[in-house]
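Please treat every number below as a calculation from the coordinates, not as lab data. Here the structure is a predicted model, which means the values were calculated and not measured. Glycine also receives a Cβ, built like all others from the backbone with ideal geometry; neighbour counts cover every protein chain displayed.
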Amino acid sequence: MIQLVRHAVWQAAQADFTDSVSVRNLEATVNAGVDAWGRQKTQRVLLTPTLTLVAPFSSAAQSDSLDTSTIHYGKLSKAIRALIQDSSIEWKTTNSMAKAILDSSLATADKAPIASAQLDIFYPKGSMLGDGAGLMHCMSLRPTLSLSRVLYLRNVRIPCLIGINSNERLQKQPVIVNLWIECISEDRSDDYTQLEQVLVNAVSESSFETLESLSTMLVEELRQKFFRPAKDDNAFVRLRVEKPMAVPFAEAPAIEIMRPVKV
């Protein structure tokens, strides 16, 4: 059985492997995931697969040609699109699509020795108030089998009462929230719309002076209203909150926290 670990732990285990090949934001239309209303709809997706090699691709570099020490990113891209971009394919969960893409990616690598395979699945229309939602699905083959699965929301903009100055108590101002749920279970890969709704309700109805109080309240709200007792106890919440209007000569001050779901 493959062990599910926090993403930082997964990354640390891959530190000795130095060379990788990736394709950033490969665009496709898939019958997978849900839209911002939670509907099972065909939608646009951006995929970033990354294959990390066991050894440096020295022979390919020396000969200036593709050989079994590296990966043909053109073949990788075509194989992924051929696998998923078919309107006749039945709807899939994001997690099942991730598994299928990683299996295809490893097969495309052919004889190149692979240490790990990771995939970032991003739905630009998966969030109502943010830039999008997605799932990071990462699997290591060496030195041991392990898995990282992270559900996330990107740049969710929510107005709220926040701040210590007198003017900040008179009018709501936006905060920008980035949220990652690490060690999320397989059956929750499409719960990003539910996650966003809990987040938006909690922030918009709040009134705090500090980002520290706001962020810790949000974690507690998620524990109570998003996570399932016992079933989600192994998950972790990583939360970044920015306040773009606070400092005139900076893009935004921010805080970031990591908390376990089970306390």
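Give me the dipole magnitude in Debye, nearest 20, for the chain about the Cα centre, with unit charges on the beta carbon: positive for Lys and Arg, negative for Asp and Glu. Present the calculation step by step, with values, prior to reporting the outcome.
Working: 28 positive and 29 negative charges, 67 e Å.
Dipole magnitude for the chain comes out near 320 debye.
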May I ask what percent, to the nearest 5, of DSSP beta bridges between residues of the chain are antiparallel? 90 percent
Between ILE255, ASN234, TYR192, whose Cα lies farthest towards the positive end of the dipole of the range 3-260 when Lys and Arg beta carbons carry +1 and Asp and Glu beta carbons carry -1, centred on the Cα centre? TYR192
Would you work out which of LEU4, LEU147, VAL203 lies farthest towards the positive end of the dipole of the range 3-260? Charges go on Cβ: Lys and Arg +1, Asp and Glu -1. VAL203
What spacing in nm lies between the two simple spin-label points modelled at LYS78 and ILE255, each 7 Å away from Cα in the Cβ direction? 5.2 nm
Charges on Cβ only, +1 for Lys and Arg, -1 for Asp and Glu, centred on the Cα centroid of the range 53-97; of ASN95, PHE57, SER77, which one is farthest towards the dipole's positive end? ASN95
Using only alpha carbon pairs under 8 Å that are at least six residues apart, calculate the relative contact order of the chain and give it in whole percent. 16 percent
Report the dimensions of the range 3-260 along its three principal axes from the alpha-carbon atoms, largest first, rounded to Å. 66, 41, 38
How about LYS225: which lysines have a C-alpha closer than 23 Å to its C-alpha, ignoring those fewer than 8 places off in the same chain? LYS262
Acute angle (nearest 10 degrees) that the helix 192-204 long axis makes with the longest principal axis of the chain, alpha-carbon atoms: 20 degrees
Would you mind putting 48-58, 250-260 in packing order, based on average other-beta-carbon counts within 10 Å, highest first? 48-58, 250-260
Work out, step by step, the length gained on full extension between GLN171 and THR50: first 0.36 nm times the residue separation, then minus their alpha carbon distance; give nm to one decimal. 39.1 nm
Just from its helices, what would the mean residue ellipticity at 222 nm be for the chain, if runs of 4 or more DSSP H residues each count -39500 (n - 2.57) and the sum is divided by every residue, rounded to the nearest 500 deg cm²/dmol? -8000 deg cm²/dmol
